[in-house]
Amino acid sequence: MRRLLYKNYLSMIEALPNNELFRHIYVKNENGEEIDVTNNGKLSCAIVVSSVLCLIGWIDRPHATVNSTLNKLLENAWTETNSPIKGDIILYGEDKTGNKHLGFYIDNATAISNSSQKGVPIKHDLTMADGRAPEKYFTRDYSLEV
């Protein structure tokens, strides 16, 4: 029997909207204080994307930042593409506060990514509510089975 990784991957992405699994991630800082690094889900885009990729086995562990997630993608056979397909990773450029954003490409009109307002992943227009359009797309050879 062979796992159908791409089909399982898409199923995980489709199950993300309104899922509170990534709303709180606690760590101890240098002072020994416990803090929620996601700020009640407001800062979870990289954790959501990298956790799904980790669960399917395409990266080694979840990452808390956009840059570390992108670096891990490039180390693990993900490449930029101009022709995204369902499941590809979207990189959105910086918002007013200088933060980039990650999500999943669904189709020419739709994406799934974490909402900083709601603190959970949502399905939304490909262009985000703040007007940011996708800056780059990342894909891999989904036909490769592990």
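At-a-glance table
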quantity	calculated
Cα pair distances exceeding 24 angstrom across the chain, given as percent	27 percent
About the Cα centre, charge dipole magnitude for the stretch 86-139 (Lys/Arg +1, Asp/Glu -1 at Cβ), debye	120 debye
Student exercise, the chain dipole from Lys, Arg, Asp, Glu Cβ charges, in Debye to nearest 20	300 debye
Dipole of the stretch 1-91, positive direction: furthest Cα of Asn76, Leu10, Leu43, with charges on the beta-carbon	Leu10
Neighbourhood charge, 13 Å Cβ-Cβ cut-off, centred on Lys118 and excluding it, Lys, Arg +1 and Asp, Glu -1	+2
Cα-centred dipole magnitude for the stretch 7-52, charges only on beta-carbon of K, R (+1) and D, E (-1), debye, nearest 20	220 debye
Fraction of accessible area attributable to carbon and sulfur, the stretch 3-93 (%, probe 1.4 Å)	50 percent
Solvent-accessible area per residue, Å², over the stretch 34-146 with all protein chains present [probe radius 1.4 Å]	50 Å²
Extension reserve of the Thr127-Glu34 stretch, reckoned as 0.36 nm per residue once the Cα distance is removed	30.0 nm
Alpha-carbon centroid distance for the pair the stretch 65-82 / the stretch 108-144, whole angstrom	15 Å
Unit charges at the beta carbon, dipole of the chain: most positive-side option, Leu55, Asn114, Met128	Leu55
Entries of Lys42/Lys96; Lys42/Lys123; Lys7/Lys42 with Cα pairs more than 18 Å apart	Lys7/Lys42
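The values are calculated or read from the model by the stated rules, or taken from the named source; none is laboratory data. Bear in mind the structure is a predicted one, so any value in this text is a computation, not a measurement. Cβ atoms come from the backbone with ideal geometry, glycine included; neighbour counts cover every protein chain shown. Side chains included, ligands, DNA and RNA excluded: accessible areas come from the protein's heavy atoms. Shrake-Rupley method; radii C 1.70, N 1.55, O 1.52, S 1.80 Å.
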